[in-house]
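Worksheet: one structure, shown below.
The values are calculated or read from the model by the stated rules, or taken from the named source; none is laboratory data. Because the structure is a prediction, the values reported are computed rather than measured. Using ideal geometry, Cβ is built from the backbone for each residue, glycine included, and neighbour counts are taken over all protein chains shown.
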Amino acid sequence: MKALPLVVALTCALMVGLAFAQAPPIRWQRSLGGSNIDQGNAVRQTSDGGFLVAGEISSNNGDITENYGGVDCWVVKLDPEGAMLWQRTYGGSHDDHANDIRTTSDGGSVFVGSTVSPDGDVTGLHGTSLDIWIVKLDSAGALEWQRVLGGSGADLGNSVLELSDGGYLVSGSSRSDDGDLTSHNGTLNQYDAWLIRLDTTGNIVWQRTYGGTSDETIHALEPLENGGFIVAGESSSNDGDVSGAHGGIDAWVFEVDADGNLLWQRALGGTLIDRAFAIQQLPGGGFIVAGESSSNNGDVYAGHGMSDVWVVHIDAMGAVLWQRALGGSVHDLANAMELTSDGGSLIAGFTYSNNGNVAGGHGGTDAWLLKLNGEGTMLWQKAMGGTADDKALGLIITDDGGSVIVGRSSSNNGDVTENAGFADVWVVRLDVFVGIDEFRGSPLSVSPNPSRGLVRVIDPTMANGVSTIVLSDLSGRRLLERRWGPTDQVLDLGEQPSGVYVLSLFAEGVVWNALLVLE
């Protein structure tokens, strides 16, 4: 009985730590590619629990079986544990890039990027400069159709959405005023933001350019409940469609209706360089914007260094409600963001810092993952990588509440266990973050607790089917994992040392957790 006060104290300390500090552990990571420079730009989860990764490769060995010349688009299908099921190369003899990918309602996928190839998989190039390239794939990665969008200038594709009618919306930037474009703001030496609505086979329904006499581009695009779209990117103008600029480059957010008509816009930032790379609509209205800022005036305050991860909460018309500059004394940047079920947000990018808000850096550039609550307070952060350059460029939250980041890695140590060449496509799956809320109301019953080794585990919500039961220590490290069927009830943990553990049951995309004390 003397051990009981220790158990109570340890359990209380655990719950405080889980509520405020614990970052999720890496479940698995994979370096994919060959001996040259390869990079992943986007990741999506598929209906079978696996993942599609899209990016660009310049290798022609290792995991890559074909290269058409220069840089090619590359799409990889992984199973839920990161094993490669198939990979395919797309492009022509010049440079081709895949910047975003989405799964589609027919079980296939669509990716968008840019191309300057006049051959291979590419037909319809408008000139000798880059065009936007959209490619529709079936479930096995076979090319169903492709479209080249643009004019005689440089045109870049960054984001794609599948729409409710089966069509698509593509975003990016353009320096053209001919071909598929009917207007341009300013001189052709400057980029306009560009939106293109396509039908189910890639034919243009409408297209619109937005901006002023300087450069604008779109980095992120999300659908709205009203049928319109929210757009985030950057602007250097203070005329035309842009007003309220602060100087330098501003983060630029605007809303359009279903036909592409501009409803409102907002320039966010200070007098230096500020960019928006991700945006999400909040359930109660308003938006969260994430990107980078090197300013420390205007809308930006409390910066840490050369550039910071910048997160801004704006209302439904773009007015700033709060902002957070997060990072250290060097360069820090957010590339992707997803909302979490607790009302917060998960943000992925990279950091050159190892001070300020950044801890656990490995050297060089690290991929950086941050969890914020709904008020913008950072709950935890995780720097991932090795002693070379590692970056997170894409992010998703998985069906089980975990996350996957994709980017590039040049390391072969630290969190990275292999490297095929100069830079690899790097995919990292992280487990579910276990915080104090994950223990409240859980139907998972564990007894006796404390236990000397034999534990009776009862989940009254599971009448049939097979789940997975996992025992983790306080650092999130998995110590035991096994299949758990409807007839299983007793778990033997007698070989584990005394301490406090987290017992988790994963079933059909849901995870239930319980605290367990072993004496």
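The single condition from (1) touching a Leu at 6+ places or on another chain (Cβ under 9 Å); (2) charged (D, E, K, R); (3) over 13 Å from R88 (Cβ atoms) that D121 fails is (3).
Take Q280 and tell me if it is touching a residue at least 24 places away in the same chain (Cβ under 8 Å), more than 26 Å from S176 (Cα to Cα) and among the polar types (S, T, N, Q).
Yes; evaluated as a whole, the condition is true for this residue.
For the stretch 113-145, filtering for residues that are among the β-branched types (V, I, T) and free of Cβ contacts under 8 Å to residues at least 60 places away in the same chain leaves 5.
Every condition in (1) at pLDDT below 90; (2) of a type in the set (F, W, Y); (3) farther than 21 Å from K382 by Cβ; (4) within 27 Å of the chain's Cα centre (by Cα) is met by F433 except one, and the failing one is (3).
Among D342, D315, which is farther than 16 Å from I230 by Cβ and not aliphatic (A, V, I, L, M)?
Residue meeting the stated conditions: D342.
Among the strands (runs of 3 or more DSSP E) confined to the stretch 291-399, the ones with at least 1 residues that are at pLDDT 95 or above, aromatic (F, W, Y) and surrounded by fewer than 19 Cβ atoms within 10 Å (Cβ to Cβ) are located at 320-326.
Table: residues versus (1) assigned to a loop (DSSP other than H, G, I, E, B); (2) hydrophobic (A, V, I, L, M, F, W, C); (3) modelled with pLDDT under 95.
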| site | (1), (2), (3) |
| --- | --- |
| T217 | no, no, no |
| L221 | no, yes, no |
| A232 | no, yes, no |
| V242 | yes, yes, no |
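Count of the stretch 188-202 residues, restricted to those that are part of a loop (DSSP other than H, G, I, E, B) and crowded, with 21+ Cβ neighbours inside 10 Å, is 1.
For every residue, the table says whether it meets (1) crowded, with 19+ Cβ neighbours inside 10 Å; (2) touching a Lys or Arg at 6+ places or on another chain (Cβ under 9 Å); (3) free of Cβ contacts under 8 Å to residues at least 60 places away in the same chain.
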| site | (1), (2), (3) |
| --- | --- |
| I204 | no, yes, yes |
| H219 | yes, yes, no |
| L224 | no, no, yes |
| S236 | yes, no, yes |
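Could you check S243 against (1) surrounded by fewer than 17 Cβ atoms within 10 Å (Cβ to Cβ); (2) in contact (Cβ under 8 Å) with a residue 40 or more places away in the chain and say which number it fails? For S243, the exception is condition (2).
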